[in-house]
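Note sheet for the following structure.
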Amino acid sequence: MAELLHNPEALLKAKLELEQTVGKCNPNEESDITRLPYLQVVKETLRLHPAAPSLLPRKATKDVEIAGFTVPKGAQVFVNVWAIGRVESTWDNPHTFIPERSNADFKGQNFERRICPGLPLAIRMLHLMLGSLINSFDWKLDNHNMDMEDKFGLTVQKAQPLHAVPVAI
Ligand code: HEM
């Protein structure tokens, strides 16, 4: 919601897609998700603000070379997911919110890696909640100077809470 309110053009696109696909103010359902490609905006949001955990722990099972560094067997390594989402060689304008990116995805290309078993549930819930918030109300900001900084902890949160006010359509 914060990224969409910060990027009104993207909010409008998501809203129009919902209006045209499920109808204004109609509840969107799980079966609608594949018909709402722009609602995939949640992927771009998670690229910039990965919810949890932002530092994934790993332990080397053998000596390995990574990008010229030797990681010795037994070393504890923390993968910085937040930084991966902002690598310049992978993402054009990495700090800019661009929902139209074609390479944003949760799965990655290395299927042997661990993955979140809650992902299918989380994605459905995110699409349904975001879709109904956008489709049921217009939204205005209490404070127009939106601060988009993240606050780091066990989970990543907004440093300044979002103050969004629903307006009946
Ligand atoms: C948008 C929401 C969510 C995000 C961004 C997320 C992200 C992640 C990430 C990055 C990992 C680490 C994967 C790895 O080690 O490479 C993880 C692991 C895990 N997640 Fe989630 N998750 C979400 C929702 C959920 C939900 C809803 C559940 C449970 C219903 C869940 C349960 C778990 C569990 C049990 C693990 C540990 C898996 C393991 O180490 O084998 N997650 N999640």
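Bear in mind these aren't lab numbers, they're just calculated from the coordinates by the rules spelled out. As the structure is a computational prediction, the values presented were derived from the model and not from experiment.
For segment 119-169, the alpha-carbon coordinates run over 37, 34, 10 Å along the three principal axes, in decreasing order. Close amide H partners of Q160, meaning residues 5 or more places away or on another chain with modelled amide H under 5 Å apart, are E149.
With the largest listed first and rounded to whole Å, the semi-axes of the equivalent ellipsoid of segment 21-69 from the Cα gyration tensor are 40, 11, 11. Between the helical axis of 119-136 and the longest alpha-carbon principal axis of the chain there is an angle of about 30 degrees. Rounded to the nearest whole angstrom, the semi-axes of the ellipsoid equivalent to the chain, taken from the Cα gyration tensor as √(5λ), stand at 34, 18, 14, largest first. Legend: distances between Cα atoms for K15/K158; K24/K151; K73/K151; pairs beyond 31 Å are K24/K151; K73/K151.
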